[in-house]
Each structure stands twice: as structure tokens, then as C-alpha cells.
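Peer 1: To start, I am sharing the structure in question, which I have written as C-alpha cells.
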Amino acid sequence: MAELITMPKLGFDMAEGKLEEWVKQVGDSIKDGDVLAIIETDKASVEVTSFQTGTLRQLLVQAGDIVPVGAPIAVLGTADETIDLAALGLAGAAAPKAAPPAPAKAPEPAAAREPAPAEPAPILPSQQPAAVAPPSGRLLASPVAVRMAGELGIDLASVHGSGPDGRIVKRDIETYLSEREKAPARPTPMPVPVPAMAPSLEGMEGYRAEALTPIRKTIARRMVESKQQAPHFYITVAVDMAAAMALRKQLNTVLPEESRISVNDLVVKAAAVALREHPSLNASFAGDEIHYHDRVNVGMAVARETGLLTVVIKDCDKKSLAQIARDSRTMVNRAREGRMQADDMLGGTFTVSNLGMYDVENFIAIINPPQAAILAVGAVQQVPVVDANGQVVAGSRLKATVSADHRVTDGAEAAGFMQTLRKALEEPLRLLV
């Protein structure tokens, strides 16, 4: 049965993406996990993989096109079936071609072009019929749809299924998200903007103006929104890293290169352990609700020349240190090469920002909305400390600061989180069980 492939939502605030390159072409066989296309978002170029198996029958957009989230981009089916675009909801679209589309011709004069057919009014999530349960009373949904709904906090009962027998499939989740974004939001009081002062050029001998890149625009907008809307507070602790560094050295002598553990891997695992005990920091603010997440998915801030982005390691509380190290290295390399996968950026419930590699002692970070907290980590430094006998000796210390959203959590809870984090790092065998 033919299915539509739609423009995926590759970030919390993504509204559209540019189809940079088709990796597969019409007639190619597609397997689950195959890379179909490269999508350029305002943050990175992302490899989009298929969650279905079949034959790529038609490309609905061309390389270079900018496409809204949820809009169809291709048709997947069997090699010999007849494709009915009207049945797929694409009334008025051209019939599928048997070969890849020819290069685009020069645009026709405006007078010669026929007006595009009017698009039907979008169905808002509240207007969609609820998913129909089979006689057993159990909702039908594909594994991919279940996973996406769990990560994005969507009630499957509110999603209309378009698959066989009303089965909810991946495109139904994407359509639901797209229409929810279009639904009119409840009015919220807006902060009064502070007029920006125009820069004075008096006394300046010269400067170089450079337009903001898409990723820098996104960072600027989201960080301003976070600081204006989320009441931040901060708690800093100093962690004795002697035992953790000794354990790391011992483990790395027996682990292969791709699994060797960094200080950041230790911190990510310790944060995941602490988040299990303090769920208020593994949460999101959602208007009149707080969403406490079942999974502990830790995002890591990755610096690139074009700007900062975050990759997400899923289920860090359940993974071993070696697995966290492998996942971290793989995703960071993809991020720096600009060829990320769609799942790399989705589902984060908490973020770690580490500047230790720059020999930074201590700093604070801005919360990555809609998350409730972010952990800023400095370098492990040799400093003078007073031991149990009152003697001044050399010690290994790491300073970490949590920035938390006071709408979601309070000082005592955040302080308890930092105590648990410190204990996990100072008694690092806890990270191995």
C-alpha cells in the first residue's frame, strides 16, 4: 500500500526545512533505516531515514525546495502497484513518473501558468476524529508511531489513524504535530520589549558587518525567549574528582578506542542517575501543566563554527558508560560534519554544557526550552584543598552549576539534585551499577 513520506519535524521549533539533496531516486528499493534525503534546517544538515520498506515511486519536491513540516515530499509503495494520489490526499497532483524527474525548465510567464488549486482548510488536532480502536478495545499503532508519541508527549487516543484498519502510523503523528503548531494558542501576556539602542559609531575607526546565519538567528531568538520567560536560578557545587579520574583511567586501559570514556561521559551518566531521583529537573514547563518525562534523554551542547547545537543521548540512566561514550562520540562527529540524523536532535529532557576542554573553571548556562534545567560543567583542575587532617594538599576539583526554571522546580529540589550528582561522581562505582 502506497504511503506518503512527509517533511519531518527535526527540532522543537522547526516550521520548515530545505530539501538539500535526494539520496534515493525514483525506482530505488528502500529498506527501514535507509537514508532518503538530506534536509537543511536552521541548525544543521540532517540525514532523514526511512521507517518503511518499499520502492520510491515519486518525488513530490525537488532539491532546493523549502517545505513546511508535515508536507508530503515523496511517495513510497510497491514496485508494481498503481499509485492513486487522490486517495493519498493529493488531489490535483500529477501522476507518478516511471523515471527520475527531468531537470526543471525555465519558469513560464505568469499569464501562461494555471492558478494552483485551492488547498483545503487544515484540520486542527481538536477537530480530528479520535483514533478508532478495534473490537478488542486496543489502539492500533506502528512501533515508530508509539515511540514518537512517547518522546513527544502525545496521547495516541487523540491522533487519527490513516493506516489499514485505522492504524496510527508515523505520518499521522507528523500531521498531528503540524496541525497542532497551526492551532491558535491561548493568549499569554507578552513582556514589554525594551527598545534597543542603536549602536553609536562615534569614535569607531571601522567594523565588518556580517549577516546572521540561520542557526545564529535561532540561537538568538530561543535564548532571549528563555531568559525572558523562564525565571532562572543557579546552584554551584565543587566535586572531588579524584576517584572518578582514577576509575576512568583504569577503565580506559581495557576499553577499545571507540568506547573510551571522557570526563563528559562521567558527568552525563551521573546527571542521568541524579535525574532519576529528582524528576522535577527532568521535566518541561507547558503552560498550565508540568510534564514529567518517563525517559532520561540527556542533550549535549556541541560547538561548531556556524553555532551551537544539541545532540541527544537517549535513556542515559539505562546505558553503560561505554555505550554512552560510543553514542556521544558518534553523534558529536556527525554534528561537526553537518550530517546529523533526525533522531540525533529530538527528545531531549535535560542538557549538559561542558566547557572544560577550554580550561574554563566555572560558568552558567541558559536553559534550553522547554526543558526545566541545564548543567554547566567546568574543567577538572588541580587546586589546594584541606584534607581530613587539616593539611593543605593538592586535590582534583570540578565545578558544576545547574540553571533551573523556578516555574517547574525550587531551590531545595535543585540542591538535592546537585548533591546526588556530586555523590555519584565522588563514589563513581555507582555509575557502573
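Peer 1: For residues in the stretch 27-48 being open to solvent by 60 Å² or more (accessible area, probe 1.4 Å) and assigned to a strand (DSSP E or B), which is modelled with the highest pLDDT?
Peer 2: That would be Ser29.
Peer 1: Go through the residues of the stretch 416-429 one by one and say whether even a single one is of a type in the set (Gly, Ala, Ser) and touching a strand residue (DSSP E or B) at 6+ places or on another chain (Cβ under 6 Å).
Peer 2: The answer is no, given that none of the residues of the stretch 416-429 is of a type in the set (Gly, Ala, Ser) and touching a strand residue (DSSP E or B) at 6+ places or on another chain (Cβ under 6 Å).
Peer 1: Additional query: For residues that are buried (at least 17 other Cβ atoms within 10 Å of the Cβ), in contact with a Lys or Arg (Cβ under 9 Å, 6 or more places away or on another chain) and within 21 Å of Ser178 (Cβ to Cβ), tally how many sit in the stretch 49-69.
Peer 2: Selection size over the stretch 49-69: 7.
Peer 1: Given Ile173, Ile219, Ile215, which one is at pLDDT below 75, among the β-branched types (Val, Ile, Thr) and part of a helix (DSSP H, G or I)? Walk me through it before giving the result.
Peer 2: Values: Ile173 fails: at pLDDT below 75; Ile219 fails: at pLDDT below 75.
Sole residue among the options that is at pLDDT below 75, among the β-branched types (Val, Ile, Thr) and part of a helix (DSSP H, G or I): Ile215.
Peer 1: Considering the stretch 256-276 alone, what residues qualify as being surrounded by 15 or more Cβ atoms within 10 Å (Cβ to Cβ) and not small (Gly, Ala, Ser)?
Peer 2: Arg260, Ile261, Val263, Asn264, Asp265, Leu266, Val267, Val268, Lys269, Val273, Leu275
Peer 1: Could you tell me which residue of the stretch 298-315 is surrounded by the most Cβ atoms within 10 Å (Cβ to Cβ), considering only residues that are more than 19 Å from Val433 (Cβ to Cβ) and free of Cβ contacts under 8 Å to residues at least 24 places away in the same chain?
Peer 2: Ala303
Peer 1: Return yes or no: is Lys24 open to solvent by less than 60 Å² (accessible area, probe 1.4 Å), at pLDDT 80 or above, assigned to a loop (DSSP other than H, G, I, E, B) and charged (D, E, K, R)?
Peer 2: Judged against the criteria, Lys24 is a match.
Peer 1: Where in the stretch 266-310 are the strands (runs of 3 or more DSSP E), entirely inside, with at least 1 residues that are within 19 Å of Asn354 (Cβ to Cβ)?
Peer 2: Correct list: 298-304.
Peer 1: Among the residues of the stretch 417-430, is there at least one that is in contact with a Pro (Cβ under 7 Å, 6 or more places away or on another chain) and closer than 21 Å to Asp294 by Cα? Even if it seems obvious, please write down each step before you answer.
Peer 2: Taking the stretch 417-430 and keeping what is in contact with a Pro (Cβ under 7 Å, 6 or more places away or on another chain), we get none.
No: zero hits.
Peer 1: Turning to a different aspect of this structure: Residue check: is Lys318 among the charged types (D, E, K, R) and either assigned to a loop (DSSP other than H, G, I, E, B) or open to solvent by less than 20 Å² (accessible area, probe 1.4 Å) (or both)?
Peer 2: Taking the combined requirement at face value, the residue satisfies it.
Peer 1: Continuing with the same structure: Looking only at the stretch 209-225, which residues are closer than 20 Å to Ala335 by Cα and of a type in the set (Val, Ile, Thr)?
Peer 2: Once the filter is applied, which keeps residues that are closer than 20 Å to Ala335 by Cα and of a type in the set (Val, Ile, Thr), the stretch 209-225 yields Thr213, Ile215, Thr218, Ile219.
Peer 1: Given the conditions (1) within 25 Å of Lys423 (Cα to Cα); (2) out of contact with any Lys or Arg (no Cβ under 8 Å at 6 or more places or on another chain); (3) modelled with pLDDT under 90, report the number of the one that Asp265 does not fulfil.
Peer 2: Going through (1) within 25 Å of Lys423 (Cα to Cα); (2) out of contact with any Lys or Arg (no Cβ under 8 Å at 6 or more places or on another chain); (3) modelled with pLDDT under 90 one by one, Asp265 breaks only (3).
Peer 1: Checking Gly206 against (1) modelled with pLDDT of 70 or more; (2) surrounded by 12 or more Cβ atoms within 10 Å (Cβ to Cβ), which single condition isn't satisfied?
Peer 2: Of everything listed in (1) modelled with pLDDT of 70 or more; (2) surrounded by 12 or more Cβ atoms within 10 Å (Cβ to Cβ), Gly206 misses just condition (2).
Peer 1: Residue under question is Asp240, and the condition is that it be among the acidic types (Asp, Glu), open to solvent by less than 30 Å² (accessible area, probe 1.4 Å), in contact with a helix residue (DSSP H, G or I) (Cβ under 7 Å, 6 or more places away or on another chain) and at pLDDT 65 or above; does it hold?
Peer 2: no
The values are calculated or read from the model by the stated rules, or taken from the named source; none is laboratory data. Treat the numbers as computed from the prediction; the structure is a model and nothing was measured. As a convention, Cβ positions derive from the backbone with ideal geometry for all residues, glycine included, and neighbour counts pool all protein chains shown. Note: areas computed on protein heavy atoms with side chains; ligands, DNA, RNA excluded. Shrake-Rupley method; radii C 1.70, N 1.55, O 1.52, S 1.80 Å.
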